[in-house]
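Trainee: The following block contains the structure, expressed as structure tokens.
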Amino acid sequence: MTIRNRLAIRFTGLVSAILLLTFVSVYAFCWYFVSSDFYRRLDRKANTLGDMLIRHRLDAKLIRQLGKIRKDQLPNQKYKVFDGRDSIIYETNDAVSLDVSPDLISSIRQQKRKDFRQGIYYVSGTRFMTAGPPGQSGLYVVLASAENTYGDAFLRQLLWALSGLFFLSVGITAFSGWFFSGDALQPMQRMNQRLNAIFPDNRDERLPVKQDDDEISRLSSTINRLLDRVAESFRLQRMFVANVSHELKNPLTQISSQLEVSLLNQRNPEAYRQTIRSVLDDVTTLSALTHELLQLSQVNLDNAARLLTDTVRIDEIVWDIRDEINAVNPRYQVLVDLGELPDDPDQLIVRGNKTLLCTAIKNVTENACKFSPDGQARVQVNFGQKVLQISILNNGPAIPADDLPYIFEPFYRGSQTAEVRGYGIGLSLVERIVRLHGGAVSVSSSPGQWTIFRLEIPRHTYF
């Protein structure tokens, strides 16, 4: 079921319930007023008859004659009077049957007055007490009944009128709800059409956003931001595939070319050994590239709970990385500054994955040594209460401002790194590892200043 139909049905149901409650209340009030008024009229007639017949002892024939003369006779009006022994002492209009049980008469005596219905007739019973001879109770019951022709006709007409008005109102409400819900959802339909037209041909097109700060405008802004992220993902994917293809194509072409040249002519063993060594270097390059790609693909937020289970001391990692980098290249030199160590050893600890953290810090530190003219990098650690900050500094050339937004993208290599051996995966891997630990990585670089990479890692990360 569409949203438009659901809104129309709910709106119609709500209005129908309100109308039904209102109309039922109106009908109940009118029924109560008409019935009460008619019962009051019957009670006055019963009291008038009781006064004349029982208290003033008028003759029954005279009372009948007076009743015929009166102009306020009710339709099918009938009287019945019972004495203390439930015997009928007065009755009119024999054409109307009014059967009353002794239990009902006894109930009227106890309650002094009682109104009830008998078929289409309204009946009002009243008790009269008189002083009688010894042995007689003197408790009389006078019943006055009649057919409320005009009142019942009015209630029937009112019921038909309210029923017709109710169904007419429900129909108008249903149509109005369907129309107005469609009008309210019209921007959503236009948005759906625009979105269907955007992909796959017009990925740069965006939804129009009005100045009104309503739900549609906020939804359009959210969708536009989502489209921006999707377009960026497509761009990165295309760049990733292109870069991977390029990086894999070069060593594979070299391997193929060298093997083809070796097969052209008979060569001496030394030439074959040189060819094999060259091919082995290319295979090693492919292996290193494949390893970095596997690392990059394995580091994602989905497996954070499985990976971040180690208790890691950052000071120990930093010293180990310093020893490893210094051993890799004699020109490299890593200086470590742990600042003021906290008194509590627990503040040196973070929860995460030791291997991944070592990889991230080592990649940044090794890059700092690689691009520093003197091969020197400084590692500074700030042990905060909640966040542990690792800063890696080098005094090499500043990173161009145009390259800064893209240095953490896979395979991106700026103008300064084009001549340096590498694949452009290291910083992307660093950014993913730090983000996996709930932290953030940033870089600041300007001419004449130190280039600083900052890795901020929360001391306690819970999943």
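The values are calculated or read from the model by the stated rules, or taken from the named source; none is laboratory data. These figures come from a predicted structure and were not determined experimentally. Cβ sites come from the backbone with ideal geometry, for glycine too, and all protein chains shown count toward neighbours.
Trainee: Does Ser97 meet the test of being part of a helix (DSSP H, G or I) and at negative phi?
Mentor: The answer is no for Ser97.
Trainee: Just checking, does the stretch 139-159 include any residue being more than 22 Å from Asp99 (Cα to Cα), surrounded by fewer than 12 Cβ atoms within 10 Å (Cβ to Cβ) and modelled with pLDDT under 90?
Mentor: no
Trainee: Being in contact with an Asp or Glu (Cβ under 9 Å, 6 or more places away or on another chain) and surrounded by 19 or more Cβ atoms within 10 Å (Cβ to Cβ) is the filter; apply it to the stretch 435-444 and report the residue that is farthest from Glu409 (Cα to Cα).
Mentor: Only one residue tops the list, namely Gly439.
Trainee: Right, Ile317: in contact (Cβ under 8 Å) with a residue 40 or more places away in the chain, closer than 16 Å to Ser391 by Cβ, touching a Cys at 6+ places or on another chain (Cβ under 6 Å) and assigned by TED's automatic domain parsing to the domain that holds Gly439 or not?
Mentor: So Ile317 passes the test.
Trainee: When residues of the stretch 49-72 are filtered for being surrounded by 13 or more Cβ atoms within 10 Å (Cβ to Cβ) and under 24 Å from Asp152 (Cβ atoms), how many remain?
Mentor: 2
Trainee: Being modelled with pLDDT under 75 and among the acidic types (Asp, Glu) is the filter; apply it to the stretch 231-262 and report the residue that is farthest from Glu205 (Cα to Cα).
Mentor: Only one residue tops the list, namely Glu247.
Trainee: From Tyr90, Tyr79, which residue is surrounded by 10 or more Cβ atoms within 10 Å (Cβ to Cβ), modelled with pLDDT of 85 or more and either of a type in the set (Val, Ile, Thr) or closer than 15 Å to Glu147 by Cβ (or both)?
Mentor: Tyr79
Trainee: Tally the residues that are without any contact (Cβ under 8 Å) to a residue 24 or more places away in the chain and either at positive phi or touching a helix residue (DSSP H, G or I) at 6+ places or on another chain (Cβ under 8 Å) (or both), restricting the search to the stretch 15-65.
Mentor: Total meeting the criteria: 3.
Trainee: Further question: Which residue out of Asn382, Asn329, Asn395 is polar (S, T, N, Q) and touching a helix residue (DSSP H, G or I) at 6+ places or on another chain (Cβ under 8 Å)?
Mentor: Asn329
Trainee: If you don't mind, there's one more thing I want to ask. Looking at the structure I just gave you, is Thr130 under 22 Å from Met52 (Cβ atoms) and either modelled with pLDDT of 90 or more or not assigned by TED's automatic domain parsing to the domain that holds Lys78 (or both)?
Mentor: Taking the combined requirement at face value, the residue does not satisfy it.
Trainee: Given the criterion touching a Leu at 6+ places or on another chain (Cβ under 9 Å), part of a helix (DSSP H, G or I), farther than 30 Å from Leu21 by Cα and not assigned by TED's automatic domain parsing to the domain that holds Leu74, identify the matching residue among Arg194, Arg206.
Mentor: Arg194
Trainee: Test of understanding: among Asp183, Asp228, Asp213, which residue is acidic (Asp, Glu) and at pLDDT below 75?
Mentor: Asp213
Trainee: Would it be correct to say that Gly375 is within 29 Å of Pro330 (Cβ to Cβ) and either at pLDDT 80 or above or touching an Asp or Glu at 6+ places or on another chain (Cβ under 8 Å) (or both)?
Mentor: Yes, satisfied.
Trainee: Can you confirm whether the stretch 143-158 contains a residue that is over 17 Å from Ser35 (Cα atoms), in contact with a strand residue (DSSP E or B) (Cβ under 8 Å, 6 or more places away or on another chain) and touching a residue at least 24 places away in the same chain (Cβ under 8 Å)?
Mentor: The answer is no; no qualifying residue exists.
Trainee: May I ask you to say which residue of Arg55, Arg10, Arg4 is of a type in the set (Lys, Arg) and either touching a His at 6+ places or on another chain (Cβ under 6 Å) or modelled with pLDDT of 85 or more (or both)?
Mentor: Just one listed residue meets the conditions, Arg10.
Trainee: When you look at Trp160, is it under 19 Å from Val15 (Cβ atoms), part of a helix (DSSP H, G or I) and aromatic (Phe, Trp, Tyr), yes or no?
Mentor: no
Trainee: Ok, one more. For the structure I just gave you, tell me whether Arg206 is surrounded by 10 or more Cβ atoms within 10 Å (Cβ to Cβ), modelled with pLDDT of 70 or more and either within 23 Å of the chain's Cα centre (by Cα) or under 30 Å from Gly426 (Cα atoms) (or both).
Mentor: No; evaluated as a whole, the condition is false for this residue.
Trainee: Looking at (1) at pLDDT 80 or above; (2) surrounded by fewer than 19 Cβ atoms within 10 Å (Cβ to Cβ); (3) among the aliphatic types (A, V, I, L, M), find the lone condition where Val430 falls short.
Mentor: It fails just one condition, (2).
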